[in-house]
Every structure is written in structure tokens, then in C-alpha cells.
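Visitor: What follows is a structure written as C-alpha cells; I'll ask about it next.
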Amino acid sequence: MGTGFFGTIEKIPFKGADSTDPLSYRFYDPDEVVMGKRMEDHLRFAVAYWHSFAWEGGDPFGGRTFDRPWYDGEMDKAKLKADVAFEMFKILGAPYYCFHDADVRPEGRTFAESRKNLEEIVDYFARKQEETGVKLLWGTANLFSNRRFMSGASTNPDPDVFAYSAATIKSCMDATMKLGGENYVLWGGREGYETLLNTDMSREFDQMARMLHMVVDYKHKIGFKGAILVEPKPQEPTKHQYDFDVATVYGFLRKYGLENEVKMNIEQGHAILAGHTFEHELALASTLGIFGSIDMNRNDYQSGWDTDQFPNNVPEMALAYYQVLKAGGFTTGGTNFDAKLRRQSIDPEDLLIAHIGGMDCCARGLKAAARMVEDGALQKPLDERYAGWAKPEAQKMLKGEYSLDQIAEKVERDNINPEPRSGRQEYLENIVNRYV
Ligand code: XLS
Ligand code: NI
Ligand code: NI
């Protein structure tokens with residue numbers, strides 16, 4: 001017996017590009033093979049529990065616009081929410097989901113009570129996963145909503161908040177482990193500052209690193225096989241977030257000896273907020289060997305806020321999945337829709353339509369990216385551009401067989417006088433356009 005929340009809709013079918021049925025996929029066919037792999041196994045879609053089921057449609061000027069039957073309740077409501085959530089995963093054919101503790105369980109009066117509530121829901125989820133075959137892409141702790149975290153979690157000036165955060169993370173790692181989660185994510189919601197006047201940055205860095213080391217130690221202690229992922233974001237909620245972008249996080253990991261233990265969960269909207277493109281962040285993480293997973297959404301390009309909208313820009317997705325494919329594809333990671341409805345989209349059907357659009361857009365982007373890879377459309381010009389480095393003399397320079405003064409001597413002796421060559425950006429952009 002279903003909840004009836006989505007009426008009689010049972011399953012979103014794939015109907016192909018010509019379909020005009022809003023409740024059908026036009027590009028996402030899970031079984032279609034792309035570069036030797038099923039599309040479902042490439043994309044590894046996950047629904048974000050918080051945006052889809054916990055968020056109430058508020059903005060700074062007004063509260064709740066959604067009217068869900070599971071709001072304002074205790075455990076029975078949390079279970080109703082779970083029933084609806086798993087119904088939606090099945091209807092969409094989404095193979096994964098992600099959650100924070102606070103999205104899924106009622107907050108208790110004490111830490112112990114909150115933990116017990118979480119454990120009860122985790123048991124409930126475990127049964128639902130078993131029934132539906134839906135899996136957990138990642139779990140995480142909400143260390144930013146409750147007022148106790150207003151001055152940070154691990155970076156809080158109060159050691160009791162540090163301890164409370166550690167305990168919360170432990171319970172969320174236990175939950176993730178129990179549910180067979182494939183990753184554990186840390187997004188530093190309040191880890192940053194508003195003003196240096198009340199902030200000791202070096203102390204806060206040390207605290208944050210201590211927490212991350214404990215997380216890694218605990219992962220090994222309990223035998224968690226998934227990846228530990230940090231999610232960069234430059235601002236919002238704090239003015240200066242410590243996990244600004246991939247480069248900043250990598251510097252932090254190196255300073256504290258964590259670079260081999262922690263990977264990145266890269267969010268489209270956060271990349272934009274940091275003044276980068278999504279593909280830049282993906283390429284950099286892959287170059288540094290710390291690419292993990294993605295949070296798929298888009299931000300409004302005018303507002304400068306983390307608006308967490310569903311993706312709808314195919315050329316952008318194509319360039320993003322091109323980087324994902326070049327990085328070898330996902331291993332433990334996947335495509336999590338860290339995206340929410342607009343606050344006027346109050347119908348249950350809107351939830352389905354938003355995900356269908358997002359999944360179709362990603363599928364289209366992936367297929368375009370795969371064709372570019374298969375044709376070597378961008379790789380051939382790239383190889384040509386760097387072809388000079390294949391020559392033995394160039395290789396010797398790269399391998400350190402010449403010193404600076406030896407090279408200087410050689411430049412004069414051989415009369416080296418470089419001839420500039422076109423970067424051909426427009427030519428390459430036109431190639432991309434052929435594929436999207
Ligand atoms: C917020 C973050 C958050 C993380 C999980 O901006 O994207 O949703 O993905 O805590
Ligand atoms: Ni995110
Ligand atoms: Ni975000």
C-alpha cells in the first residue's frame with residue numbers, strides 16, 4: 001500500500017526524444033550503453049533528501065509554501081516522509097539517495113535522544129532499501145542548522161560544540177556504514193567566519209584538521225570502505241568559508257597530511273560562486289588525484305546566491321561530464337541532485353518533473369561528452385597542441401636533465417626563436433557545439 005502522495009503515478013518511462021509527455025524521460029534510458037557502460041552506471045543519480053523532503057519552501061521574506069503531510073511531527077511523520085521518499089526514488093528509477101541526520105529524524109531533547117531517533121530511522125531505511133533496491137550514495141551530518149552551530153562546528157570557539165559535532169559525525173558515519181553508503185561527505189556549513197575581529201584563523205584550521213583526522217581514523221577503525229569527501233564552497237552561510245574551492249581544500253589537506261585520505265564532492269553552484277566553471281573544479285580535482293563525486297545543480301547567474309536549482313543547461317553538463325569521463329568516470333561517487341524546487345512549485349508532481357528534467361539534461365550532457373571522447377574531437381587538437389613535447393630534447397628538459405644555465409646556453413647556440421601558434425579557441429568551441 002502506497003501513501004498516495006504521487007497519486008497513481010508508478011514509474012517514469014523512457015519514451016525518447018520526441019516524447020511530449022512531461023512524465024517521461026526523453027534522453028535518460030538507464031539501460032542504454034554509452035562507452036561500454038549502462039547510462040545508469042555512468043551517472044549514478046541520487047536524490048537529495050533535504051531539498052526534496054525536508055525543505056519547506058521558505059525564503060528570507062516568507063516561510064513555508066509547501067504543504068507536506070509529514071511536517072511538524074515526531075517519528076510517525078519521519079516514517080511517512082521516508083515512505084514518500086522511497087516511493088519517489090522508485091517512480092523516478094533513481095538508484096541512490098543522500099541525507100543528513102537532521103533531514104530524516106526528529107531532533108531529540110538530548111544528544112542521546114537524537115541519536116536513538118536516527119538509529120530508529122536507519123533501521124527503517126534499511127528495510128526500505130532492501131524492498132526497493134535503492135542504495136545510499138552518501139550520508140552526512142547537518143552541523144549548521146541548529147543554533148548551537150552558529151559559530152561553527154569543528155571550528156567553534158567552544159570545545160563543547162567541537163565534542164558535540166564529533167559525536168554527531170560518529171553517529172552519522174555509523175548510520176552511513178549500516179546502510180551500505182558508498183561515501184561519507186563533510187560540507188563545512190558554518191566552518192568559516194564573518195569577521196576576523198572575533199576569529200583566530202590558525203586555531204580554527206587546527207581544530208578542523210583534528211576533526212578530519214578523527215573522521216579518517218574512525219573510517220579505518222570501523223572498516224568503512226567508502227570515500228571520505230569534502231565539499232568546497234566559497235561563501236554562504238559564512239562570508240569566508242574555509243573550504244573555498246578545490247585548490248584551497250587541497251592546500252589544507254596537504255598541510256595536515258590528509259591528501260591521500262580525502263577526496264572532493266564538487267557542486268556546480270559552489271564552483272560558480274567561487275568564480276570558477278564547474279569543469280575547472282572537476283579538472284583540477286582530477287589533476288590532483290582527489291576527484292570523488294558531484295552535486296548537480298545550477299545557480300542563478302544574476303543573484304549571486306546558492307539557489308540550488310535543477311540543472312537545465314546541456315552544453316554546461318556536456319563539458320562537466322567530459323571531465324568526469326576523462327577522470328575515468330565515477331568510482332564510489334555519483335550525480336547527487338543538490339537541487340530544490342522553486343517555492344511556487346508546490347505540487348507533488350513538480351518534484352517528479354524537476355528530477356526528470358535534471359536527469360534528462362545530465363543524460364544528454366553525458367551522451368554528448370561520450371561522443372566527443374569517442375571521436376577524439378577535443379583530444380586530437382590537444383595532442384597536436386602539445387606535440388612539441390614528444391621530441392627527445394623537450395623530454396630531457398622536462399625530466400630535469402638540463403639546468404637553467406644549460407638551457408640558456410642552448411637557446412643562444414641553437415638560435416631558438418619560438419613561433420607563436422593559434423590557441424584556436426573558437427574552432428574548439430564550434431566543435432563542442434557540433435556535439436550538443
Ligand atoms: C550546501 C551544500 C549541502 C551539502 C551537504 O550548500 O551543498 O547541501 O551538499 O551538506
Ligand atoms: Ni552540496
Ligand atoms: Ni550548495
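Visitor: Mind computing the radius of gyration and Dmax over the alpha-carbon atoms of the chain? Å is fine for both.
Guide: Expressed in Å, the Cα Rg and Dmax of the chain come to 23.7, 84.
Visitor: Test of understanding: ordering V432, V185, V161 by Cβ neighbours within 10 Å, fewest first, what list do you get?
Guide: Ranked by crowding around the Cβ, least crowded first: V432, V161, V185.
Visitor: Still on this model: For each pair in K79/K340; K233/K399; K170/K340; K128/K263; K81/K170, compute the distance between the two Cα atoms and list the pairs where it is over 31 Å.
Guide: In this structure, K233/K399 lie more than 31 Å apart at Cα.
Visitor: What nm value, rounded to one decimal, do you get for the distance between K178 and R109 when each label is placed 7 Å out toward the C-beta?
Guide: Modelled inter-label distance: 2.3 nm.
Visitor: For the chain, set up a Gaussian network in which alpha carbons nearer than 10 Å are linked by springs, and say which option among K391, K239, K135 fluctuates the most.
Guide: Per the Cα network of the chain with a 10 Å cutoff, K391 tops the list.
Visitor: Based on the alpha carbon coordinates of the stretch 303-405, what radius of gyration and maximum Cα-Cα distance (Dmax) apply, in Å?
Guide: Here Rg and the maximum Cα pair distance are 20.9, 71 Å.
Visitor: Test of understanding: ordering R203, R147 by Cβ neighbours within 10 Å, fewest first, what list do you get?
Guide: Listing R203, R147 from fewest to most nearby Cβ atoms yields R147, R203.
Visitor: With only alpha-carbon atoms counted, please give the Rg and Dmax of the stretch 221-275, in Å.
Guide: Computed over the Cα atoms of the stretch 221-275, radius of gyration and Dmax are 12.3, 38 Å.
Visitor: Where the eigenvalues come from the Cα gyration tensor of the stretch 1-65, what are the semi-axes √(5λ) of the equivalent ellipsoid, largest first, in whole Å?
Guide: 30, 17, 13
Visitor: Report the percentage of all Cα-Cα pairs in the stretch 234-380 whose separation exceeds 26 Å, rounded to a whole percent.
Guide: Within the stretch 234-380, distances greater than 26 Å cover 28 percent of Cα pairs.
Visitor: Shifting gears a bit: Would you tally the net charge around S293, using a Cβ to Cβ cut-off of less than 11 Å, leaving S293 out, and scoring K and R as +1, D and E as -1?
Guide: Overall, the nearby charge balance is -3.
Visitor: Among N198, N156, N297, which one moves the most in a GNM of the chain with springs linking Cα atoms closer than 10 Å?
Guide: N198
Visitor: Helix 201-222 versus the longest principal axis of the chain: what angle, 0 to 90°, nearest 10, using Cα atoms?
Guide: Tilt relative to the chain: about 70 degrees.
Visitor: Based on alpha-carbon centroids, what's the gap between the stretch 198-219 and the stretch 226-294 in Å, whole number please?
Guide: 16
Visitor: Calculate log10 I(q)/I(0) of the stretch 361-435 for q = 0.23 Å⁻¹, where I(q) comes from the Debye formula with a single equal point scatterer on each Cα and nothing for solvent.
Guide: Result of the Debye calculation: -1.07.
Visitor: For every helix of n ≥ 4 consecutive DSSP H residues, a contribution of -39,500 (n - 2.57) applies; sum these over the chain, divide by its total residues, and give [θ] at 222 nm rounded to the nearest 500 deg cm²/dmol.
Guide: That calculation yields -14000 deg cm²/dmol at 222 nm.
Visitor: Something else about it: I'd like the distance separating the alpha-carbon centroids of the stretch 369-436 and the stretch 24-74, in whole Å.
Guide: 42
Visitor: What are the semi-axes of the equivalent ellipsoid of the stretch 158-257, taken as the square roots of 5 times the eigenvalues of the Cα gyration tensor, listed largest first and rounded to whole Å?
Guide: One finds semi-axes of 24, 15, 13 Å for the stretch 158-257.
Visitor: I've got another one for you. Using a/c under 1.5 as the rounded threshold, could you call the stretch 1-118 rounded, prolate or oblate? The axes a ≥ b ≥ c are square roots of the C-alpha gyration tensor eigenvalues, and prolate needs a/b larger than b/c, oblate otherwise.
Guide: prolate
Visitor: With springs only between Cα atoms under 10 Å apart, run a GNM on the chain and tell me which of P60, P418, P232 wobbles the most.
Guide: P418
Visitor: Using a Debye calculation, one point per C-alpha and no hydration shell, please list log10 I(q)/I(0) for the stretch 149-197 at q = 0.14, 0.16, 0.19 Å⁻¹ in order.
Guide: At q = 0.14, 0.16, 0.19 Å⁻¹ the computed log10 ratios are -0.42, -0.52, -0.67.
Visitor: Now for a separate question. How far, in degrees from 0 to 90, does helix 278-288 lean away from the longest principal axis of the Cα atoms of the chain, to the nearest 10?
Guide: 70
Visitor: With Cβ to Cβ distances under 14 Å as the rule, what net charge do the other residues near P13 carry (K, R +1; D, E -1)?
Guide: Neighbourhood net charge equals -3.
Visitor: Counting only C-alpha contacts under 8 Å and six or more residues apart, can you give the relative contact order of the chain as a whole percent?
Guide: The value is 15 percent.
Visitor: Right, next: Could you work out the local net charge near M201, counting Lys and Arg as +1, Asp and Glu as -1, over the other residues with Cβ closer than 14 Å to its Cβ?
Guide: -3
Visitor: Write down the percent of antiparallel bridges among all DSSP beta bridges whose residues are both part of the stretch 164-268, to the nearest 5.
Guide: 20
Visitor: Just to be sure I understand: of the beta bridges DSSP finds with both ends in the chain, what percent are antiparallel, rounded to 5?
Guide: Restricted to the chain, the bridges split so that about 15 percent are antiparallel.
Visitor: Taking the Cβ of each residue in C172, C361 as the centre, tally the other Cβ atoms inside 10 Å and list the residues starting with the fewest.
Guide: C361, C172
Visitor: Once you wrap a convex hull around the alpha carbon atoms of the stretch 94-216, what is its projected area averaged over all directions, in nm²?
Guide: In nm², the orientation-averaged hull projection of the stretch 94-216 is 7.8.
Visitor: If you line up the long axis of helix 111-132 against the longest principal axis of the chain, both from Cα atoms, how many degrees apart are they, to the nearest 10?
Guide: For 111-132 against the chain, the angle is about 80 degrees.
Visitor: What length, rounded to one decimal in nm, is gained on full extension from L80 through to E120, with 0.36 nm per residue of separation minus their alpha-carbon distance?
Guide: Stretched out fully, the L80 to E120 stretch lengthens by 13.1 nm.
Just so you know, all these numbers are worked out from the coordinates, no wet-lab data involved. This is a predicted model, so every value here is computed, not measured. Note that each Cβ is placed from the backbone with ideal geometry, even for glycine, and that neighbours are counted across all protein chains shown.
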